[in-house]
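> One structure coming up, written as structure tokens, with questions to follow.
The values are calculated or read from the model by the stated rules, or taken from the named source; none is laboratory data. What you see is a predicted model; the values in this text were computed from it and never measured. FYI the Cβ positions are ideal-geometry reconstructions off the backbone, even for glycines, and counts take in every protein chain you see.
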Amino acid sequence: MSTTVAAAPTPTDLAKPGDVEIGSLRRPPRPKSAALVGTFVQLAKDPLAFMRLAGQGGPISRVCIGTEKLVFVHDPALIHEVLVGRASEMVKDQITQKLNEILGNGLLTSEGAFWRRQRKLMAPLFSRKQLAGYAETMATRTEAALAPWQDGESRDVHLDMMGLTLDIIFRTVFGAEMDEDHSGKVAHAIELMMDQFELELRTWRRFVPKNWLKKGRARAAEARAALDGVVYELIAKKRAAGATGDDLVSRLLAAKGDDGATMSDLQVRDEAVTMVVAGHETTALVLTFATLLLSDHPPAGERLRQELAEVLGGRTPRLDDIGNLPFTKAVVLETMRCFPPAYVIGRQATHPIALGGYRIDPGDQLLVSQWALHHDARWFAQPDAFLPERWLGDLEKQLPEHVYMPFGGGPRICIGQHFAMMEAILCLATLAQRVRLDVVAGQSRELSPAVTLRPKHGLMAVVHRV
């Protein structure tokens, strides 16, 4: 398939510091569509449609929801300004900051000099050499998870994928198997936290002071306490053992900054929980949505299995096989285009700035929607179609920067992106060699855009051994 990519528009009115008096600039325009003007109901009902419409409102547009001012940035040049050019002038948006209650002060939520220190400390933990040691775990744990699946049975694939990736992340982050007690506590805690976050994002709770939501916050606090109990127990075991393993927690405990200081148990907890929550969730969603898309498009599934048969011949995939599995990788890339787990990025400026010729105030929530970008016909031919083959050429090189970004962009791009890509490809290759999954017809396909983009009611599929 030939894909034509339009040239990135370059706004002529992109104001630079000192070019104009910022206070004299106009505020970003509101979209012309009446459906977007000041309507929290519209956003709450269908956030994805809302963001896509907002993206059609021009390079930059403003929507007011109560006292919140949302500024949608949909032009690659302006997105670059937000994520790269002015990164030092930005902090995470208010919604992301709420994740502190779940994740603590980990890489996803920390700011400034502290974030830079943590990023520097943790970067070596995600080197290719370090990640190579995890490849075997990813493939063999997938095979172990598949072993009890029966031909002809129906399974909730989303639940299965969440369990699989949680198992993998625990073994790689903590170097430990999860017993049923730990597994149940962690899974329940994460689900409860996600549910509570969605309620605060998409209901009236968004506008209510924290101390008014005692019941909901008590449940979230209870879930965090259960999660912390498991995590601190594992950290204590690692410290007692001398933190000599190859798992991430052992390496976090041993890591030293330029001043020779090591991380406290609290900081190791925050980084480990961030990796567990964000790390397992992303890959599980890619595998779930890949199942849905491959079931809907049988020729793509057949092409995938043919590639795996030719390259692997039925054996367990290894890290070195990834370069020889271009269509498998293309399925992963296209799945993340169609259903980006991280569907929106948020920032807010620390002081008034000029962006695209408009004034941005510190309280403005600057939003960059991967969902809208990934479904924009300017960049992707047939944007609503599942076409893995679009990635077999040089599309990645043709696309303007900050158009396809399932892992974010700029200096705060996901530190675990290579881990996630490796895991998704190896797990998908293992799965597709062993089973074909046919999604059950007639079930709800409603999506739940909260912290990540999830299937709201799971995904039932029938297992066929191959």
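> In this structure, does L366 turn out to be among the hydrophobic types (A, V, I, L, M, F, W, C), part of a helix (DSSP H, G or I), crowded, with 20+ Cβ neighbours inside 10 Å and at pLDDT 95 or above?
Against the criterion (among the hydrophobic types (A, V, I, L, M, F, W, C), part of a helix (DSSP H, G or I), crowded, with 20+ Cβ neighbours inside 10 Å and at pLDDT 95 or above), L366 does not qualify.
> Right, something else. Answer yes or no as to whether G57 is under 25 Å from D384 (Cα atoms), in a loop (DSSP other than H, G, I, E, B) and modelled with pLDDT under 85.
yes
> Within region 339-352, can one find any residue that is crowded, with 21+ Cβ neighbours inside 10 Å, under 25 Å from Q306 (Cα atoms) and touching a helix residue (DSSP H, G or I) at 6+ places or on another chain (Cβ under 8 Å)?
There is at least one residue in region 339-352 that is crowded, with 21+ Cβ neighbours inside 10 Å, under 25 Å from Q306 (Cα atoms) and touching a helix residue (DSSP H, G or I) at 6+ places or on another chain (Cβ under 8 Å).
> Hey, any hits in region 107-121 for a residue that's under 30 Å from A461 (Cα atoms) and modelled with pLDDT of 85 or more?
no
> Within region 144-171, can you find the residues that are touching a Lys or Arg at 6+ places or on another chain (Cβ under 7 Å), assigned to a helix (DSSP H, G or I) and either modelled with pLDDT of 95 or more or among the hydrophobic types (A, V, I, L, M, F, W, C) (or both)?
L146, L164, I168
> For region 314-345, which residues satisfy the criterion of being in contact (Cβ under 8 Å) with a residue 12 or more places away in the chain, farther than 22 Å from H158 by Cα and of a type in the set (D, E)?
D321
> Applying the selection to region 90-129, what residues are in contact with a Phe, Trp or Tyr (Cβ under 9 Å, 6 or more places away or on another chain) and of a type outside the set (V, I, T)?
K98, L99, E101, N105, L107, F126, listed by residue number.
> Could you tell me how many of the residues in region 89-106 are modelled with pLDDT under 90 and either outside any loop (DSSP other than H, G, I, E, B) or basic (K, R) (or both)?
9
> Let me ask another. Looking only at helices (runs of 4 or more DSSP H) that lie completely in region 370-466, which have at least 2 residues being farther than 30 Å from L125 by Cα and among the hydrophobic types (A, V, I, L, M, F, W, C)?
Filter on region 370-466 gives 370-374.
> With the requirement that a residue be without any contact (Cβ under 8 Å) to a residue 12 or more places away in the chain and within 21 Å of A220 (Cα to Cα), what does region 163-192 give you?
Answer for region 163-192, where residues must be without any contact (Cβ under 8 Å) to a residue 12 or more places away in the chain and within 21 Å of A220 (Cα to Cα): D181, G184, E191.
> Which of the following residues is more than 23 Å from the chain's Cα centre (by Cα) and buried (at least 16 other Cβ atoms within 10 Å of the Cβ): R269, R251?
Going through R269, R251 in turn, the sole match is R251.
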